[in-house]
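Q: After the structure tokens below, expect a handful of questions from me.
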Amino acid sequence: MLICLFYLTFSQLYVSIMNLNYYNPMNREQDILTYILKVCGIFIISLFFILILSNITQFINIFNKYNKINKNIGNIEIEIKNKDLESLIPESKQLNNNLKIAKENLDNIRFIQTLPYIKENILSANDLISIGISATNIVINSEDIIKNNKTLIDSYKNNTLNISDPKTIKQILEIINSNKNYIDYVEKNVNTIQEKIDKNKSKTKILPELKSGWKVIIDNYSKIETIAKYIPAIKEAPAILGLNKNARYLLLLENNTELRATGGFIGTYGILTIKNGEIVDIFTDNIYNLDSRSYNRLKIKPPEFLQKYLNIKYLYLRDSNYNPDYKISAKYAEELYKKESLSSTDVDGVIAITPDILKDLLNIFGNIKIDQDTFTPENAINLLNYETKFGYWEKQISTSDRKDIIQKMVDIIFEKIKNTNLKDLYPVIIKNLEEKNVLLYFNNENMQKFVEDKNWGGTVKQNIDSDYLAVVDSNLLSGKNDPYVKRDIDYTLNIDNKKITATLSLTYTFKFVDNGIYKDIDAYLDNYKTYTRIYVPKDSWLISATKDDQEINNKDIDFTIENEKTSFGIYLVIPQGKTVTYTFQYYLPDELSKKLLNKYSFDFQKQPGIYGNNINFNINLGKPIKNLDVQTIENNEIKYKTFQQNISITGLNKGDINVNATFLNSIDMQKIIKKAKGDYLSFDKN
């Protein structure tokens, strides 16, 4: 066909030239040029139509497959709704085959793919088809798993599947354990789906049909993202939940009414034993009962601030959580537990829990009665504190047994957990992980990485290109009075002579409130005493420090490098009924300042165990803000906004905050000025 086209074209060109006017040389030259251009135009148009005609078959095939694909998808939606996994396999195979043929037809349309608008639509359609192929691949490759576990699948289909049943849990763990290659395959395909979605999220110049297809997928992106994030944990579930063996976890029950670096004072420890996904034993005990066994045996030196302000000579498990990086503190707690208990059995991880989770659990379970006491979401923490500090004496219980009430509470709580639907527990668990009322550490490296990626491990962030702030209080010999301490954090950032200057103000208000349980025994609440460490970017330089505008001598401040951060440590005393403000001004490191003036990034990490800080952040680096992205936990109570050069973040903060901002450059400014001039001229004319 192309040979015939060339023959006809050049024949026409020859005849046309022969018929030209030879009597006027100038006219002849012009006519030749005109005819050549006309003939070339005819050739190009003819070629274009021939190429389109040659691809029309592909378009017809694609249209036919489009109808079949829609029918497949409709059937699959019904099968998923009916939980009919067995019928889902053949339908997914048909869809997979139709998608692959449609992709081949698209790939065969070569010439037309070079046209700008059409090219973008074809590429987008191709990505949409690839997502469908990846999704159906996941289903198709589960065929053997579905066939080999018919009883489990039938119970799922008939709505009789009980994931609280020990036998069912074990069966699920066994399926995961024997199908790790399939889980890897799922992970690979889910990652492909994520890549395609990210690539097409911002596309606007595509057909309405494609837009509606992408909208469905993008609207469900969070579900896909959740699956991707949880796959590493699913793979490790058999090991973590003790398939065919005991998994043992050291529990640190941290009382955050007496705040310490990773949440609270470790007044109670325990061992949680899980086998085949079922809690088989949970033991708790007074921390002093364990520590006292080692008083004449272990001579481990504590950090200097604990020696100086807590007046202790040796370190035991109760004071092991002095480092705000929970991963470090958990490893140290594990080591001390083994030394003190003389246990030859390793633990698989360390879990720290503050009593705040108890309030949320009681909201699900209802009130719990232990002996003469009724524990409610409102009084549980205060009542436990009272019973372990004063009530045991009134009931003539020995000091060593005064925390037996905690074991009773734990037994009841875990029995109720076993009989509660996971759907009801899941939001509570996630909330307390995000608010750092529960911290996790696993010796399993893959699981630990998952925990850190989810920000559930209480690790200190190590982004060297980011501004950083964490304020860490350790209540030292001032009673269980942290609930009566209000904390305000004001953080201001400015540029001064090409150096970034930070000003941090910490305002503490200590005011005892009668909760109806302590009654008149508040006499022991004298002053609130805390050793406060302020963690800032490494190599930051302190300019000044004041207490209520009175200068603080540098000798009263401990300067250290810890967790790859610079730390300013200071012992604070807040009298009851008073408000005291401490202010620190410091320079950020020069190298970091240069990076932040190009693109600003800031990590604020909330201390575990604190219900919330009242924060007021004002960041001004002398450049107009182009884009602002603030990442934080879902149930936070902060507001943020930008105005010209200023970033403002305020409110009650319950979790970590990450800020990323970009600035307007000279090109952006020129565009804004140009638009402003155009708008002005347009307004002036009107």
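The values are calculated or read from the model by the stated rules, or taken from the named source; none is laboratory data. All figures in this text were calculated on a predicted structure; none of them were measured in a lab. Please note: Cβ atoms are built from the backbone with ideal geometry, for glycine as well, and neighbour counts cover all protein chains shown. The area values use the complete protein model at the heavy-atom level, side chains included, leaving out ligands, DNA and RNA. Shrake-Rupley method; radii C 1.70, N 1.55, O 1.52, S 1.80 Å.
Q: Does SER155 satisfy the criteria of being at pLDDT 85 or above and more than 20 Å from GLU225 (Cα to Cα)?
A: In short, yes.
Q: Right, here's the next one. Just to verify a result, which residue in the range 165-222, among those that are more than 24 Å from the chain's Cα centre (by Cα), open to solvent by 50 Å² or more (accessible area, probe 1.4 Å) and among the β-branched types (Val, Ile, Thr), is nearest to ILE133 (Cα to Cα)?
A: Looking at the filtered set, the residue picked out is THR204.
Q: Where the second residue is assigned to a helix (DSSP H, G or I) and open to solvent by 60 Å² or more (accessible area, probe 1.4 Å) and the first is polar (S, T, N, Q) and at pLDDT below 80 and lies in the range 56-79, which pairs have Cβ atoms under 7 Å and are six or more apart or on separate chains?
A: GLN58/ASN108
Q: Which of (1) surrounded by 14 or more Cβ atoms within 10 Å (Cβ to Cβ); (2) farther than 28 Å from ASP526 by Cα; (3) free of Cβ contacts under 8 Å to residues at least 24 places away in the same chain is the odd one out, the single condition VAL536 does not satisfy?
A: Just one mismatch for VAL536, condition (3).
Q: Any chance the range 266-287 includes a residue that's small (Gly, Ala, Ser) and at positive phi? Outline the logic, then answer.
A: At the first step, the residues of the range 266-287 found to be small (Gly, Ala, Ser) are 267, 270, 277.
Now narrow it down to the ones that are at positive phi: 277.
Yes; the residues of the range 266-287 include at least one that is small (Gly, Ala, Ser) and at positive phi.
Q: State all residues of the range 131-148 that are under 30 Å from LYS418 (Cα atoms) and buried (at least 17 other Cβ atoms within 10 Å of the Cβ); if no residue qualifies, say none.
A: SER142
Q: Against the conditions (1) in a helix (DSSP H, G or I); (2) modelled with pLDDT of 85 or more, where does THR160 fall short? Just the number, please.
A: For THR160, the failing item is (1).
Q: Tell me, yes or no, whether the range 555-572 has at least one residue that is exposed (fewer than 12 other Cβ atoms within 10 Å of the Cβ) and not charged (D, E, K, R).
A: Yes: the range 555-572 contains one or more residues that are exposed (fewer than 12 other Cβ atoms within 10 Å of the Cβ) and not charged (D, E, K, R).
Q: Follow-up question, since we're still on this one. For the range 437-458, enumerate the residues that are out of contact with any Leu (no Cβ under 7 Å at 6 or more places or on another chain) and in a helix (DSSP H, G or I).
A: GLU445, ASN446, MET447, GLN448, LYS449, PHE450, GLU452, ASP453
Q: Which numbered condition in (1) open to solvent by 40 Å² or more (accessible area, probe 1.4 Å); (2) of a type in the set (Ser, Thr, Tyr); (3) at pLDDT 95 or above is the only one that SER344 fails?
A: Result: SER344 fails condition (3) only.
Q: Suppose we filter LEU128, LEU85, LEU99 for residues that are buried (at least 16 other Cβ atoms within 10 Å of the Cβ), modelled with pLDDT of 80 or more, more than 20 Å from GLY213 (Cα to Cα) and not small (Gly, Ala, Ser); which single one remains?
A: Only one candidate qualifies: LEU85.
Q: May I pose another question? Taking the conditions exactly as written (of a type outside the set (A, V, I, L, M, F, W, C), modelled with pLDDT under 85, part of a helix (DSSP H, G or I) and farther than 28 Å from ASN419 by Cα), does ASN121 satisfy them or not?
A: Details: of a type outside the set (A, V, I, L, M, F, W, C): yes; modelled with pLDDT under 85: yes; part of a helix (DSSP H, G or I): yes; farther than 28 Å from ASN419 by Cα: yes.
In short, yes.
Q: If you go through the range 483-520 one residue at a time, how many are under 18 Å from ASN620 (Cβ atoms), among the aliphatic types (A, V, I, L, M) and open to solvent by 60 Å² or more (accessible area, probe 1.4 Å)?
A: Total satisfying the criteria: 1.
Q: A follow-up question, please. Within the range 329-341, count every residue that is open to solvent by 10 Å² or more (accessible area, probe 1.4 Å), in contact with a strand residue (DSSP E or B) (Cβ under 8 Å, 6 or more places away or on another chain) and not basic (Lys, Arg).
A: The first filter runs over the range 329-341 and keeps only residues open to solvent by 10 Å² or more (accessible area, probe 1.4 Å), leaving 331-332, 334-335, 337-339, 341.
Then keep just the ones that are in contact with a strand residue (DSSP E or B) (Cβ under 8 Å, 6 or more places away or on another chain); that gives 331, 334, 337.
Still in the list and also not basic (Lys, Arg): 334, 337.
Total meeting the criteria: 2.
Q: Would you kindly identify the strands (runs of 3 or more DSSP E) lying entirely within the range 239-328 that contain at least 3 residues that are among the β-branched types (Val, Ile, Thr) and open to solvent by less than 30 Å² (accessible area, probe 1.4 Å)?
A: It comes to 265-275.
Q: Which condition from (1) at pLDDT 95 or above; (2) part of a helix (DSSP H, G or I); (3) not small (Gly, Ala, Ser) is the one that ILE234 breaks?
A: Among (1) at pLDDT 95 or above; (2) part of a helix (DSSP H, G or I); (3) not small (Gly, Ala, Ser), the lone unmet condition for ILE234 is (1).
Q: Take TYR426 and decide whether it is among the aromatic types (Phe, Trp, Tyr), open to solvent by 10 Å² or more (accessible area, probe 1.4 Å) and outside any helix (DSSP H, G or I).
A: no
Q: Another question, if that's okay. Going through PHE305, PHE283 one at a time, which residue ends up being within 26 Å of LYS565 (Cα to Cα) and out of contact with any helix residue (DSSP H, G or I) (no Cβ under 6 Å at 6 or more places or on another chain)?
A: Within the list PHE305, PHE283, the selection yields PHE305.
Q: Do you know which residues across the range 592-649 are of a type in the set (Ser, Thr, Tyr), within 22 Å of the chain's Cα centre (by Cα) and closer than 29 Å to ASN497 by Cβ?
A: Within the range 592-649, TYR600, SER601, TYR640 meet the criteria.
Q: Additional query: Sort through LYS431, LYS454, LYS480 and tell me the only one that's touching a residue at least 12 places away in the same chain (Cβ under 8 Å), of a type outside the set (S, T, N, Q), touching a helix residue (DSSP H, G or I) at 6+ places or on another chain (Cβ under 8 Å) and open to solvent by 60 Å² or more (accessible area, probe 1.4 Å). Quick ask: steps written out before the conclusion?
A: Numbers: LYS454 fails: open to solvent by 60 Å² or more (accessible area, probe 1.4 Å); LYS480 fails: open to solvent by 60 Å² or more (accessible area, probe 1.4 Å).
So the residue among LYS431, LYS454, LYS480 that is touching a residue at least 12 places away in the same chain (Cβ under 8 Å), of a type outside the set (S, T, N, Q), touching a helix residue (DSSP H, G or I) at 6+ places or on another chain (Cβ under 8 Å) and open to solvent by 60 Å² or more (accessible area, probe 1.4 Å) is LYS431.
Q: While we're here: If I go through the range 461-477 residue by residue, how many of them are over 14 Å from the mean Cα position of the chain (by Cα) and open to solvent by 20 Å² or more (accessible area, probe 1.4 Å)?
A: Result for the range 461-477: 5.
Q: Just the residues that are farther than 14 Å from ALA237 by Cβ and out of contact with any Lys or Arg (no Cβ under 8 Å at 6 or more places or on another chain), please, taken from the range 160-181.
A: Hits for the range 160-181 are THR160, LEU161, ASN162, ASP165, PRO166, LYS167, ASN181.
Q: Follow-up. Have a look at GLU187, GLU195 and point out the one that is within 20 Å of LYS119 (Cβ to Cβ), assigned to a helix (DSSP H, G or I) and not aromatic (Phe, Trp, Tyr).
A: GLU195
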